[in-house]
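Down below is the structure, laid out as structure tokens.
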Amino acid sequence: MIHLVFNRPDIEVLQKAQQIDESLQGEILLVADDYAVGPITGIYNTEGATARKHWWQGVLAGGDYDGTADGDDVNDYRTVAELAEALRQNPKERLWIWAAQNKHDVCGYYWLLPFVQPFQNRVFILYLNNLPFINEKGSIFYPTWLSQIPPKEFLKAKKLARPITPSEFEVDTDEWKRMMTESKGVRLLEGGKKIAGAEHDFYDTALSGYVTGDFQKAGRIIQAFLSKEKETTGDAYLLWRLKQLCQSNGWQVKGEIKGMKDFDVKNPAIPSLKKKGTSDEADAGSADAPQA
């Protein structure tokens with residue numbers, strides 16, 4: 001059995017589940033890219049894949065993940081090539097695709113489908129769509145990420161495994177083709193596996209709401225957004241958008257506009273909430289950035 005997940009934290013929790021349940025034993029593969037953002041037109045040919053890589057290089061340039069997209073360390077195409085080879089070499093091998101109800105997992109699932117369609121009778125999906133689980137405190141909750149599920153609850157989750165049907169391969173592949181043609185910069189989950197497109201600036205209005213009349217670390221602004229907003233995305237993407245907003249809105253910036261800990265931002269059009277005698281430098285220095 002081969003398992004495939006779409007988030008790095010999912011690997012650890014699935015490994016812990018394997019220690020509890022031997023029937024889950026198997027290699028765990030990761031599709032690392034976030035296909036819920038960025039260009040996807042022509043993504044299955046060299047030109048489209050290269051365009052997407054260049055886009056990520058621009059987004060990550062000068063930030064906390066600068067250079068991550070430059071090398072070959074993260075290469076989903078190599079991952080699926082190795083997966084296909086393993087399925088070809090062993091006709092009894094099965095693939096389990098794990099996906100929670102979030103746009104990141106669903107878009108990764110859509111991207112993956114054409115690569116595994118030749119093995120469709122051996123490809124299973126475990127889609128945790130609005131399903132209740134028990135958390136560590138014994139309360140019922142509805143996970144939006146696989147990593148939120150306690151390892152022991154995977155004994156329940158594994159019962160959800162079912163083959164992806166031929167009709168699903170057809171319909172879901174057509175849905176992804178539609179999104180590729182639409183070529184929006186952001187993709188959002190509307191429910192089930194339905195994805196809607198939006199422009200690159202989709203998160204800008206909400207993100208701007210966390211920029212105040214006092215200097216704050218870029219990391220603090222992003223962390224506030226991630227902890228309070230319902231629709232969120234990766235911190236690297238948000239850092240890129242924050243940099244764009246600093247330029248377009250004329251916000252005041254202290255420090256070098258690079259990583260989340262490197263610069264502070266304030267909107268001079270908003271009144272300061274600082275107590276008199278508190279300097280901007282002291283306020284900026286006390287701001288904490290989120291963990292990368």
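The values are calculated or read from the model by the stated rules, or taken from the named source; none is laboratory data. Owing to the predicted nature of the structure, the values given are computational and were not obtained by experimental measurement. Virtual Cβ from ideal backbone geometry, glycine too; neighbours counted across all protein chains shown.
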Within segment 176-186, residues surrounded by fewer than 16 Cβ atoms within 10 Å (Cβ to Cβ) and assigned to a helix (DSSP H, G or I) come out as K177, R178, T181, E182
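Of these, F169, F124, which one is in contact (Cβ under 8 Å) with a residue 12 or more places away in the chain and assigned to a helix (DSSP H, G or I)? If you could, list the steps in order and put the result at the bottom.
Values: F124 fails: assigned to a helix (DSSP H, G or I).
Just one listed residue meets the conditions, F169.
In this structure, is E153 part of a helix (DSSP H, G or I) and either touching a strand residue (DSSP E or B) at 6+ places or on another chain (Cβ under 6 Å) or not charged (D, E, K, R) (or both)?
Values: part of a helix (DSSP H, G or I): yes; either touching a strand residue (DSSP E or B) at 6+ places or on another chain (Cβ under 6 Å) or not charged (D, E, K, R) (or both): yes.
The answer is yes for E153.
Here is a yes/no grid of residues against (1) over 30 Å from T46 (Cα atoms); (2) β-branched (V, I, T); (3) within 22 Å of the chain's Cα centre (by Cα):
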residue: R78; (1), (2), (3): no, no, yes
residue: E85; (1), (2), (3): no, no, no
residue: N90; (1), (2), (3): no, no, no
residue: D105; (1), (2), (3): no, no, yes
residue: P114; (1), (2), (3): no, no, yes
residue: L126; (1), (2), (3): yes, no, yes
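Residue-by-condition table, conditions (1) of a type in the set (F, W, Y); (2) modelled with pLDDT under 95; (3) over 24 Å from Y237 (Cα atoms):
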position: K103; (1), (2), (3): no, no, no
position: N130; (1), (2), (3): no, yes, yes
position: N135; (1), (2), (3): no, yes, yes
position: S147; (1), (2), (3): no, yes, no
position: V186; (1), (2), (3): no, no, no
position: A198; (1), (2), (3): no, no, no
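Of the residues V80, V106, V116, which is more than 19 Å from I2 (Cβ to Cβ), not in a loop (DSSP other than H, G, I, E, B) and not aromatic (F, W, Y)?
Working: V80 fails: more than 19 Å from I2 (Cβ to Cβ); V116 fails: more than 19 Å from I2 (Cβ to Cβ).
It is V106.
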Subset of segment 17-62, residues within 21 Å of F124 (Cβ to Cβ), part of a helix (DSSP H, G or I) and in contact (Cβ under 8 Å) with a residue 40 or more places away in the chain, comes to A17, I20, S23, L24
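Do we have L24 as at pLDDT 95 or above and aliphatic (A, V, I, L, M) here?
no
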Over segment 229-252, the set of residues part of a helix (DSSP H, G or I) and either polar (S, T, N, Q) or within 15 Å of G209 (Cα to Cα) (or both) is L238, L239, R241, L242, K243, Q244, L245, C246, Q247, S248, N249
Q) Would it be correct to say that L189 is part of a strand (DSSP E or B) and either crowded, with 16+ Cβ neighbours inside 10 Å or at positive phi (or both)? A) yes
L238 passes all but one of the listed conditions (1) surrounded by 15 or more Cβ atoms within 10 Å (Cβ to Cβ); (2) in contact with a Lys or Arg (Cβ under 9 Å, 6 or more places away or on another chain); the exception is number (2)
Counted residues in segment 78-119 being of a type in the set (K, R) and crowded, with 21+ Cβ neighbours inside 10 Å come to 1
